[in-house]
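Input: a single structure, listed below in structure tokens.
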Amino acid sequence: MEGPSAQAAGVHVDRVTQLQDSIDQQCKLLFSSLHYLHKKAGMVQIGSEIAVTNQNIGADQTDEFTVRSQEIANDICCQAKKIDTLIESLPGVSISEVEQEREFAALNEENESASRELAEATKMAHALLRDISATLRTIADNAGKKGNSGQLKSPSF
């Protein structure tokens, strides 16, 4: 059974995963917006000295381009807000450094305690394995040494 700390750690990991996914999504939004702006922007004369000689054949109409650009900007802003919210929900963001150190020390002690319990359980398991192996060896040895009556000699424990 998991303790409260293990459950809390799972929640934190889930938040970190959500944050990673949100950042990945933001990167995709930024990349796709650059692609859209590059491919769908019409050529605009920026100075009287430089004339526009080639038009972007695949360009959207100015009104459509403006609307879609605003939608893209809105999507990027919403994703950024989602990322900010996830960051704020991470543990330790709203507590002081001293409290973070205390929490870390408590988690470290819990980890050390669990490690000691694991070492003890492993030691007991190895001892049990040795006992079982010895018993099975004795049984196997006795199976080959049947007495005249056909009875097995009982192992001595």
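Please work out the Cα center distance from segment 64-108 to segment 22-48, rounded to the nearest Å.
If we compute the Cα centre of each part, the gap is 24 Å.
Could you pull out every one of the aspartates and glutamates with an alpha carbon less than 20 Å from that of Lys82, ignoring same-chain neighbours closer than 8 positions?
The qualifying aspartates and glutamates are Asp14, Asp21, Asp24, Glu71.
Modelled label-to-label distance, Glu117 and Cys27, 7 Å Cα→beta-carbon offset: nm?
Result for the modelled spin labels: 3.8 nm.
Place a point 7 Å from Cα of Tyr36 in the direction of its Cβ. Which residues in segment 65-84 have their backbone N less than 17 Å from it?
65-81
How would you order 119-125, 74-80 from highest to lowest mean count of nearby Cβ atoms within 10 Å?
Numbers: 119-125: 10.0, 74-80: 13.1.
Listed from highest to lowest mean packing, they are 74-80, 119-125.
Since every read-out is calculated from the coordinates, none of them should be taken as a lab result. The shown structure was predicted, so the numbers you read here are calculated from the model rather than taken from an experiment. Don't worry about glycine lacking a Cβ; one is built from the backbone with ideal geometry, like all the others, and counts go over all protein chains shown.
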